[in-house]
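Worksheet: one structure, shown below.
The values are calculated or read from the model by the stated rules, or taken from the named source; none is laboratory data. Quantities reported herein were computed from a predicted structural model and do not represent experimental measurements. Heads up, the Cβs are rebuilt from the backbone with ideal geometry, glycines too, and the neighbour counts pull from every protein chain shown. What goes into the accessible areas is simple: the full protein's heavy atoms, side chains included, and nothing from ligands, DNA or RNA. Shrake-Rupley method; radii C 1.70, N 1.55, O 1.52, S 1.80 Å.
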Amino acid sequence: VGEQVSLKCWFKSSSPVSESLTVDWTYRPLAAGQMETIFHYQSVPYPTTVGKFKDRISWVGNVAKGDASIALQSPVMSDNGTFICSVKNPPDV
């Protein structure tokens with residue numbers, strides 16, 4: 001709580017990394033709740049502009065090295081939940 005945390009995501013692809021590669025991070029609260037996209041990457045990072053994670057997520061990955069990690073600033077107990085990283089590198093999914 002209170003300290004920046006890294007959410008790690010590593011991937012391997014049989015296709016070369018291209019501009020078509022996308023990374024999506026979604027979050028589902030611990031208590032039953034709706035899943036929400038909190039981060040999108042395609043050539044450049046697009047952190048969420050709404051919701052509880054607004055202005056608290058930053059890109060720390062390097063897709064050329066198979067890293068799609070993000071960082072979360074000032075985490076609080078209510079951020080607890082499931083964070084899912086999804087990488088697509090067409091034609092490889």
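Data for the structure
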| quantity | calculated |
| --- | --- |
| Förster radius 22 Å - calculated FRET efficiency between A31 and S74, Cβ distance, rounded to 0.05 | 0.60 |
| Residue of V60, V44, V23 that the Gaussian network model of the chain assigns the largest fluctuation, springs spanning Cα pairs under 10 Å | V44 |
| Percent accessible area from carbon and sulfur atoms, the chain, protein chains only, probe 1.4 Å | 55 percent |
| Karplus-derived 3J(HN,Hα), 6.51/-1.76/1.60, for each residue of region 18-26, Hz, glycine and proline x | 10, 5, 7, 4, 10, 10, 10, 10, 10 |
| P(r), alpha carbons of the chain - 5 Å bins starting at zero, rounded % | 3, 13, 25, 25, 16, 10, 6, 2 |
| Lys pairs under 15 Å by Cα in region 5-88, provided they are eight or more residues apart or on distinct chains | 4 |
| In sequence order, calculated HN-Hα J values of region 81-87 (Karplus, 6.51, -1.76, 1.60; Hz; x Gly/Pro) | x, 9, 10, 10, 9, 10, 10 |
| Whether region 51-93 is rounded, prolate or oblate, judged on the alpha carbon gyration tensor where a/c under 1.5 counts as rounded | prolate |
| Length added when fully stretched, H40-E19, from 0.36 nm per residue minus Cα-Cα | 6.2 nm |
| Solvent-accessible area per residue, Å², over the chain with all protein chains present [probe radius 1.4 Å] | 61 Å² |
